[in-house]
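The values are calculated or read from the model by the stated rules, or taken from the named source; none is laboratory data. These figures come from a predicted structure and were not determined experimentally. Reconstructed Cβ throughout: ideal geometry from the backbone, glycine too, with neighbour counts over all protein chains shown. In case anyone asks, the SASA skips ligands and DNA or RNA and just uses the protein heavy atoms, side chains included. Shrake-Rupley method; radii C 1.70, N 1.55, O 1.52, S 1.80 Å.
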Amino acid sequence: LAAGGAPGLKRYAAAHVLTELFLDHLLIAQHPPRLAAFYGFLNRHRSASLRTLLEAQPGIAWEGFSAFLVRLVEVRFADGYLEPAGLLERTDRILARLRQRRLEPLERAAALEALAAHAPLALRQLDAFVAEMQRWRAMPAAQQ
């Protein structure tokens, strides 16, 4: 999905945003317990180790970030990733923050068609990526 010469839309902004959201969608849709695990992690956000990690980062205000995580859980933010229409809505909201125009109906339809066509290959690639990350995580630190 490239905007080409469409006014008000940077050439690849929409494609990049939608691709990232689509990969999140596939990860969740393929294995629904991941969504519960995501919310579980966010609910544990007040853990001392996470707070210590984040407070060590310059420019991160813990209280503001903590409130942000609470809002993410309350509105069940990632639930919108379960359906393609939710991906398009989220894409439009991100594009607005980037000062880009919303996708037009024909662009939305083309995006959904392209995502559906690429889903099988993307799923195989995600499976390989997840397996590699699990293998890497299981390695002793000295071998990483």
Give me a comma-separated list of calculated 3J(HN,Hα) values for the stretch 129-139, in order, Karplus coefficients 6.51, -1.76, 1.60 applied at θ = phi - 60°, integers in Hz, x for any Gly or Pro. 5, 4, 4, 5, 5, 5, 5, 5, 5, 6, 5
Do any trypsin sites (Lys or Arg not before Pro) in the stretch 36-97 lie in a DSSP loop with no more than 14 other beta carbon atoms within 10 Å, and if so, which? 44, 46, 76
Please work out how much length the chain gains when fully extended from residue 124 to residue 93, using 0.36 nm per residue of separation minus the C-alpha to C-alpha distance, in nm with one decimal. 8.3 nm
Quick calc: nm separation of the 7 Å Cα→Cβ label points for residue 50 and residue 36 -> 1.8
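For a Förster distance of 22 Å, can you work out the FRET efficiency between the beta-carbons of residue 72 and residue 110, rounded to the nearest 0.05? Could the numbers behind the result be given before it?
Numbers: r = 30 Å, r/R0 = 1.36.
FRET efficiency, residue 72 to residue 110: 0.15.
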7 Å from Cα along Cα→Cβ at both residue 57 and residue 138: what's the point-to-point distance in nm? 2.9
Let me have the 222 nm mean residue ellipticity of the chain computed from DSSP H runs of 4+ only, each contributing -39500 (n - 2.57), with the sum over all residues rounded to the nearest 500. -22500 deg cm²/dmol
Pairing the Cα long axis of helix 84-97 with the longest principal axis of the chain, what angle in degrees results, from 0 to 90 and rounded to the nearest 10? 90
Dipole moment magnitude, nearest 20 debye, the stretch 15-82 about Cα centre, only Lys, Arg, Asp, Glu C-beta charged: 200
Would you list 18, 115 from the most to the least accessible area, probe 1.4 Å? 115, 18
Of the listed values (i) -0.38, -1.26; (ii) -0.22, -1.22; (iii) -0.25, -1.44, identify the label whose number matches log10 I(q)/I(0) by the Debye sum over Cα atoms at q = 0.09, 0.21 Å⁻¹ calculated from this model. (i)
Once neighbouring chains are kept in place and the probe is 1.4 Å, which whole percent of the accessible area of the chain is contributed by carbon and sulfur? 62
